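Presented below is the structure to which this report refers.
The values are calculated or read from the model by the stated rules, or taken from the named source; none is laboratory data. Not measured: the values here are computed from a predicted model. Every residue, glycine among them, receives a Cβ derived from its backbone with ideal geometry; neighbour counts consider all protein chains shown. All accessible areas refer to the heavy atoms of the entire protein, side chains included, with ligands and DNA or RNA removed. Shrake-Rupley method; radii C 1.70, N 1.55, O 1.52, S 1.80 Å.
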Amino acid sequence: MKNKKKGLLHIIVILAVIALCSFTTLVGFTKAHKGSARNIKLGLDLAGGVSITYDVVGDKPTDAELKDTVTMMQKRAEVHSTESSVVTDEKGRIVIDIPGVDDAEKVLSDLGKEGSLDFVAQDDMDLSSGKPVYTKTICTGKDIKSAEAGTTQDESTKTKKYVVSLKFKSKGTKAFATATEEAAPSHKMIYIVYDGKVISNPGVTEAITNGEAQISGGFKTYDEAEELASYIRIGALPVELKAAQSQVVGAQLGLDAIQSSLLAGAIGFGLVVLFMIIFYRLPGLASSIALVFYLGLMLVALNVLDITLTLPGIAGIILNIGMAVDANVIIFTRIKEELAKGKSVQSGIKIGFDKALSAIVDGNVTTLIAAAVLYVKGSGTVKGFATTLALGIILSMFTALVITKLLLNAMYSLGMDDVKYFGVEKPRKPIHFVENRLKFFCISGAIILACVVTLGVNKASRCGGNILNYGLDFLGGTTYDITFPDKTDLNADLKSDLEKLFSKTAKSNDVVISEVAGRNALSVKTVELNEKQRNTLNATLEKTYGVDEKNIENQNISASVSDDMKSDAVTAVVIAVICMLIYIWFRFKDVIFAGSAVLALIHDVIAVILVYGLTKISVGNTFIACMLTIVGYSINATIVIFDRIRENLQVHSSEEALAEVVNESITQTLTRSINTSLTTIITVVVLAILGVDSVKDFAIPLLAGFICGGYSSVCITGTLWYSWKRVQFKRKKAKK
């Protein structure tokens, strides 16, 4: 029985939430515009931030000491933003770029903290001078195993208070137990000293022997407690640093890049909505409303969770939109199939959602596993990408499985119950994918061979023997600080001319230009330049732009993607692939499904590397994000076909029927595969056409990956599974 009032109420509530999210995103609340898009924290590439240069005080540190310092400063900087970058220059100075902040003084203060923690017995403490003086400690921050912020109930005031909970290592546990045993009888205090200041001095009433303690230093907010916990975890620096320079820098991609990317995203999204409505009719309209709902929630969530959004983060959102569309396409295909069997519209909607559930959940969970591993093991850009991806997966699943379903049922209740509004899946003759598998394998083999040859040629022909065109993120480079005469307008034309000048001189498109706040100056980063190239640039800047020689500073900088970050990224991807393999094995009860999926994934990654090798596109931070996006897309596309094979095997599971099952399964999901690829590709194509060079360099490999992912999911995964399965059947027969 139809309930028109309930259906109408559902539509009104959903539209009201969309309106609320839109208002929040566009305007925000209060005078501070809380929740608005303008308050989303953007990365250095999109909005700029603070750049700080530190000198090392005293004797020249060893390479190990400098490396440890960079690693620890990276962790400190990530307290402000996971997208922070820490590098060293040719003079051994440490350069830190932190996006999304504009208070250089506060950042200097935070980064300069020692991070040292001492526990001091009352008898060993002297406070007569107003400052804590002591020569003996019970234990130090080096004895701390973990430090976590939390909340607890104040028994006296019955109010919530913020604390830092500590767990000691074995040595610290014993020392702290001994000290508290001595202090307990007289209720003596133990002073907790951080960065030369007493932050807490609790009285000891009983011995603490379990290796756990708590700091309640009057924290006003949870963030204050978390900040202290972070610095305790990080510890003291191996060398002493002194701030030599700090400045606020503008967006690296520039306003034109941001505006063109936003325009491309809007056009792409509009085309996707139009495509869905034309192809899927009423369900397409419902999914389009759900997509708007998803985007609104995503923008609000980015703001609320204080996530730093960068170009790689935008890639995560693009992938999420593709997966959200994909979920709807799977559902609508199932509904059309049920209607073709003669089911009523109401039954078709219910059964369609039920049958689509396993494919949607498995596809999203595998990608969510990857995001979780990347967040835990990755750092910098990888962690930022993982955060955006995980958030998007959760929201896209919710909108597809809940919001779209509510909208379709509501529309049905309001009288839109004719089959013509939904369409019927036309019967399609199974395509002989299995019979043509050798052709597909040869094509894939040619792609892999071409990649090997291309990388080999690149290694032999390039200076330095690099197989890819590694950019300044991976190899380091040269940074220029150019102060122009006051009369010079730092407009878009000037920046464009400078970009061409540096690109031509460096023979590389890897050029990043940003404004320096407070001065009529630009910061330019490019690949490493030799002395002749630097002299040529200096002469041109003096002659063409009237820049005084003393106002041109340049120096070499190390890679922003350190060896540790590369190692973390590779480790994270390997663990993620293993976890996905285990999950697919568990869900499909067949390791061949898992093995086929992983091989197809590797195939797609190789294809994208081939594109990078052939096009000479610079390999930087966005390379990592691009690869991770392809991994997520590829595995999701494969799961859908495997889910249909699993379903059809319940009817036909004999060896003789394997080819028929695979052909039929791929054919049944072919519309979904094509439509999902098209809707995802549309946005990236528009981005590649309208975007500036740096955005194009990101969009083109992404586009290649999506095309290859669509190809491999249709032509490789199912036929590869079939080939392995046949071998398995033959082995079983041989044993008999």
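Details
- Hey, ALA446 part of a helix (DSSP H, G or I), buried (at least 17 other Cβ atoms within 10 Å of the Cβ) and of a type outside the set (D, E, K, R) or not: no
- Of the helices (runs of 4 or more DSSP H) entirely within segment 652-736, those holding at least 2 residues that are within 21 Å of the chain's Cα centre (by Cα) and within 30 Å of VAL325 (Cα to Cα) occupy 670-690, 693-715.
- Qualifying residue in segment 337-348 (condition: over 25 Å from the mean Cα position of the chain (by Cα), among the acidic types (Asp, Glu) and over 14 Å from ALA390 (Cα atoms)): yes
- Selection count where residues are open to solvent by less than 10 Å² (accessible area, probe 1.4 Å) and among the polar types (S, T, N, Q), scope segment 342-373: 3
- The condition of being farther than 18 Å from THR221 by Cα, at pLDDT below 85, surrounded by 15 or more Cβ atoms within 10 Å (Cβ to Cβ) and touching a helix residue (DSSP H, G or I) at 6+ places or on another chain (Cβ under 6 Å) does not hold for GLY172.
- Checking GLU664 against (1) closer than 29 Å to ASN509 by Cα; (2) open to solvent by 50 Å² or more (accessible area, probe 1.4 Å); (3) acidic (Asp, Glu), the condition it does not meet: (1)
- Of everything in segment 453-467 that is of a type outside the set (Gly, Ala, Ser) and modelled with pLDDT under 80, the residue that is farthest from TYR612 (Cα to Cα) is CYS463.
- Of the candidates VAL329, VAL402, VAL373, VAL325, the single residue that is among the β-branched types (Val, Ile, Thr) and under 16 Å from the mean Cα position of the chain (by Cα) is VAL373.
- Residue-level check: of (1) among the charged types (D, E, K, R); (2) touching a helix residue (DSSP H, G or I) at 6+ places or on another chain (Cβ under 8 Å); (3) modelled with pLDDT of 80 or more, LYS60 misses just (2).
- Of all residue pairs spaced 6 or more apart or on separate chains, those with beta-carbon atoms under 6 Å, a first member in segment 573-598 that is open to solvent by 10 Å² or more (accessible area, probe 1.4 Å) and a second member that is in a helix (DSSP H, G or I) and among the small types (Gly, Ala, Ser) are LEU581/ALA594; TRP585/ALA594.
- Test: residue in segment 429-436 that is surrounded by fewer than 11 Cβ atoms within 10 Å (Cβ to Cβ), touching a residue at least 60 places away in the same chain (Cβ under 8 Å), closer than 30 Å to LEU15 by Cβ and of a type outside the set (Gly, Ala, Ser): no
- Taking segment 150-206 and the strands (runs of 3 or more DSSP E) fully enclosed by it, the elements with 3 or more residues that are touching a Lys or Arg at 6+ places or on another chain (Cβ under 8 Å) are at 159-168.
- Any chance ALA607 is at pLDDT 85 or above and over 29 Å from VAL272 (Cα atoms): no
Matching residues to (1) modelled with pLDDT of 90 or more; (2) within 24 Å of THR680 (Cβ to Cβ); (3) of a type in the set (D, E, K, R):
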residue	(1), (2), (3)
ILE582	no, no, no
VAL591	no, no, no
LEU614	yes, yes, no
ASN621	no, yes, no
CYS626	no, yes, no
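- So LYS525, is it surrounded by 14 or more Cβ atoms within 10 Å (Cβ to Cβ) and either modelled with pLDDT under 85 or under 23 Å from GLU78 (Cα atoms) (or both): yes
- TYR162 vs. criteria of a type in the set (Phe, Trp, Tyr), at pLDDT below 85 and closer than 30 Å to ASP306 by Cβ: no
- Residue count, segment 17-26 (criterion: modelled with pLDDT under 85 and open to solvent by 60 Å² or more (accessible area, probe 1.4 Å)): 1
- LEU406 being open to solvent by 40 Å² or more (accessible area, probe 1.4 Å) and modelled with pLDDT of 85 or more: yes
- The one condition in (1) modelled with pLDDT of 80 or more; (2) open to solvent by 30 Å² or more (accessible area, probe 1.4 Å); (3) of a type outside the set (Val, Ile, Thr); (4) touching a helix residue (DSSP H, G or I) at 6+ places or on another chain (Cβ under 8 Å) that ASP568 fails to fulfil: (1)
- Condition check for ASN648: within 27 Å of LYS383 (Cβ to Cβ) and assigned to a helix (DSSP H, G or I): no
- Search result, residues across segment 48-74 that are under 26 Å from VAL512 (Cα atoms) and in a loop (DSSP other than H, G, I, E, B): GLY48
- Whichever residue in segment 190-213 is free of Cβ contacts under 8 Å to residues at least 40 places away in the same chain and of a type in the set (A, V, I, L, M) and, among such residues, is least open to solvent (accessible area, probe 1.4 Å): VAL204
- Here ASN556 clears all of (1) more than 30 Å from LEU610 (Cα to Cα); (2) in contact (Cβ under 8 Å) with a residue 12 or more places away in the chain; (3) surrounded by fewer than 18 Cβ atoms within 10 Å (Cβ to Cβ) except the condition numbered (1).
- Tallying residues that are under 30 Å from GLN668 (Cβ atoms), aliphatic (A, V, I, L, M) and open to solvent by less than 20 Å² (accessible area, probe 1.4 Å) within segment 687-730 yields 3.
- Residues of segment 499-517 that turn out to be aliphatic (A, V, I, L, M) and under 19 Å from LYS532 (Cβ atoms), as a count: 3
- Which listed residue, of SER514, SER496, is at pLDDT below 85, open to solvent by less than 30 Å² (accessible area, probe 1.4 Å) and not charged (D, E, K, R): SER514
- Scanning segment 1-16 for residues that are part of a helix (DSSP H, G or I) and either open to solvent by less than 50 Å² (accessible area, probe 1.4 Å) or aliphatic (A, V, I, L, M) (or both) yields GLY7, LEU8, LEU9, ILE11, ILE12, VAL13, ILE14, LEU15, ALA16.
- Subset of segment 468-490 [at pLDDT 85 or above and either open to solvent by 40 Å² or more (accessible area, probe 1.4 Å) or among the small types (Gly, Ala, Ser) (or both)]: ASP486, LYS487, ASP489
- Filter pass, VAL133 being among the hydrophobic types (A, V, I, L, M, F, W, C) and open to solvent by 70 Å² or more (accessible area, probe 1.4 Å): yes
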